[in-house]
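To keep things clear, I will list the structure first and then write my remarks on it.
The values are calculated or read from the model by the stated rules, or taken from the named source; none is laboratory data. No experiment lies behind these values; they were computed from the predicted model shown. All Cβ positions, even for glycine, are placed from backbone atoms using ideal geometry, and neighbour counts span all protein chains on display. Accessible surface is based on the protein model in full, side chains and every heavy atom, while ligands, DNA and RNA are left aside. Shrake-Rupley method; radii C 1.70, N 1.55, O 1.52, S 1.80 Å.
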Amino acid sequence: AESINVMLHLSRIEAGKMEVKNKTTALSSIIKELCTEFHPLAEQKMQQCQFRLDDRISLTTDPALLKEILSNLITNAIKYTPNAKTIEVTTKVLGSDVHINIRDEGFGIPPDQQDKVFSKFFRATNVVDKIPDGTGLGLYLVYALTKLLGGRISFVSAENEGSTFSLILPLTPPTNS
């Protein structure tokens with residue numbers, strides 16, 4: 001059902017029919033909700049999930065779409081990180097933006113493939129054997145949704161050391177005039 005959902009989202013975005021419903025959103029409550037949701041998954045792999053959240057951050061954004069983005073990033077961190085390693089989520093405000101970092105100690109992305117990470121159907125060669133199930137659509141969706149919310153997404157990754165995905169969103173989205 002997960003990949004069907006992703007496909008539906010993507011077809012809406014690509015057709016320009018994805019509605020953005022902005023409202024004031026407390027960031028840490030969304031992240032805590034996801035933390036609770038994914039806790040069993042992380043626990044199964046004996047992973048430490050650390051959250052360093054600034055509870056005062058609230059931004060004007062679409063909470064459902066933001067949750068979708070973060071859900072994909074956190075699931076990936078858990079999925080592509082070996083047992084007994086750490087995943088860390090941090091939030092901070094810099095200027096007029098919110099920075100959300102999701103850091104893992106996972107398999108990382110081979111340097112020669114990093115430019116393809118947000119492409120449709122892309123899966124890094126170093127994980128295909130380890131984790132065969134994956135559509136290669138999650139990060140493509142993350143990228144598309146981030147753009148819809150007026151944000152940016154980037155990452156740094158080293159093979160066998162892990163990745164840090166950085167989501168940067170405006171505290172107040174630019175008005176579409």
Given the alpha-carbon gyration tensor of the range 60-117, what are the semi-axes of its equivalent ellipsoid in whole angstrom, ordered largest first, with each equal to the square root of 5 times an eigenvalue? 23, 14, 13
Accessible surface, per residue, of the chain when the full set of protein chains is kept, probe 1.4 Å, Å²: 53 Å²
Bounding extents of the range 28-78 in its principal axis frame from Cα atoms, largest first in Å, are 35, 20, 14
Helical mean residue ellipticity (222 nm; -39500 (n - 2.57) per DSSP H run of 4+; nearest 500) of the chain: -11000 deg cm²/dmol
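For the chain, what is the percent of antiparallel DSSP beta bridges, rounded to the nearest 5?
Values: 26 of 31 bridges.
Here the share of antiparallel DSSP bridges comes out near 85 percent.
Compute the normalised compactness of the range 1-43: alpha-carbon radius of gyration over 2.2 N^0.38 Å, N being the residue count.
Numbers: Rg = 14.2 Å, N = 43, 2.2 N^0.38 = 9.2 Å.
Normalised by 2.2 N^0.38 Å, the Cα Rg of the range 1-43 equals 1.55.
Suppose we keep just the DSSP beta bridges with both residues in the range 23-125; what percent of those would be antiparallel, to 5? Please list the in-between numbers first.
Values: 12 of 17 bridges.
Close to 70 percent.
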Distance histogram in 10 Å bins (all Cα pairs of the range 73-150, percent per bin): 16, 46, 32, 6, 0
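Rounded to the nearest percent, how much of the accessible area of the range 24-176 (1.4 Å probe, protein heavy atoms only) is carbon and sulfur?
Working: 3910 of 7490 Å².
Carbon with sulfur: 52 percent of the solvent-accessible area.
Residue separation times 0.36 nm, minus the C-alpha to C-alpha distance between ILE131 and THR60: what's the value? Don't jump to the answer; show the numbers that get you there.
On the way: separation 71, 0.36 × 71 = 25.56 nm, distance 3.61 nm.
Here the answer is 22.0 nm.
Could you rank the peptides 116-123, 50-57, 85-92, 100-107 by their average count of other C-beta atoms within 10 Å per residue, with the highest value first? Each step should come with its number before you reach the end.
On the way: 116-123: 15.6, 50-57: 12.9, 85-92: 18.0, 100-107: 21.8.
Per-residue Cβ counts within 10 Å, averaged per peptide and sorted highest first, yield 100-107, 85-92, 116-123, 50-57.
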Angle, helix 27-44 long axis vs. longest principal axis of the chain, Cα atoms, 0 to 90°, nearest 10? 20 degrees
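Regarding the range 11-163, what's the average projected area of the Cα-atom convex hull, expressed in nm²?
Values: hull surface 36.2 nm².
Averaged projected hull area, Cα only: 9.0 nm².
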Find how much the distance from THR175 to MET46 grows on full extension, using 0.36 nm per residue of separation minus their present alpha carbon separation; answer in nm with one decimal. 42.1 nm
